[in-house]
Amino acid sequence: MMIKSRRDSGTRGVVCFFGPDGSGKSTLARMLRDVMVMRGIDAVIVWVRGTHTIASFIAKFVSLVGRDLRSEYACNPYYGICIRGHSRYFWAVIEVVSITPVIVHRFLLARMRHDLVIAERSPPDLIIWLLLTFGGERPPRFALEYSVAITRRVCDKLIYVRADEDVLLKRRPEEDWRIAFELPIYDGLAKVLGAKTVDTGDKSPEEALDEVLGVIMDDE
């Protein structure tokens, strides 16, 4: 539940967006921040992805020395590697250990300094990140449970931003295979997490923002 701001207009806490690239997360995050700032709310945008962690440096080294780990399908486009088989457990530990201080800094500490923290990317995206890195193989159970637990710990409001595949392909045609791979996983993840869904496919940015504001102001 979001806590009412002392300014009487707006809310306090962490709003977490997640969803596929091209769904509109960045646009909605900026618009939401602007609206809150206009209302006198101290709002800040944060985001987190695997490239912000120590794991990314290790992955870059692995991609240089382990050419046999490269693959063009269902693998992390930033790392350029696929970690499969039993190596997934070791790599999942690296990712979880690497991402934790980033989450503490950008979410928990930011919540202490600002009225409203708007996460353009948030912990649920870590699951998709791992799936890409593992070439579509299921991440270890502890990594999935960690992602769910940390999401519920840091996110006061969780909003899944999506659009149908054909809409996403028009927005990001260069990422056709990633969209087809990620979208059904995101859909299932949103159900598991009980996230509110904002579909941007048939709405203007302003209409989508109205839905987001409705979710944020709903204290039930």
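Nothing in this text is a laboratory measurement; each read-out follows from the coordinates by a stated rule. Quick caveat: nothing in here was measured; it's all calculated off a predicted structure. Here the Cβ is made from the backbone with ideal geometry for all residues, glycine too, and neighbour counts use every protein chain on show.
Listed by Cβ neighbour count within 10 Å, with the fewest neighbours leading, 170, 25, 157, 60 appear as 170, 60, 157, 25.
Helical content alone sets the calculated 222 nm signal of the chain at -15500 deg cm²/dmol, taking -39,500 (n - 2.57) per DSSP H segment of four or more residues and averaging over every residue.
Lacking any other cysteine beta-carbon closer than 4.7 Å is a condition met by no Cys residue of the chain.
Between the residues 105, 23, 135, the greatest Cα displacement towards the positive end of the dipole of the chain, with unit charges on the Cβ of Lys, Arg, Asp and Glu, is found for 105. Here's the list of lysines a cross-link from residue 203 could span, going by alpha-carbon distance under 27 Å and ignoring same-chain residues fewer than 8 apart: 25, 157, 170, 191. Only one of the values (1) 28, 20, 16; (2) 26, 22, 17; (3) 31, 20, 14 was calculated from this structure for semi-axes √(5λ) of the Cα gyration tensor in Å; name its label. Looking at semi-axes √(5λ) of the Cα gyration tensor in Å for this model, the match is (3).
With respect to the chain, whose longest principal axis is taken over its alpha-carbon atoms, helix 87-103 is tilted by about 30°.
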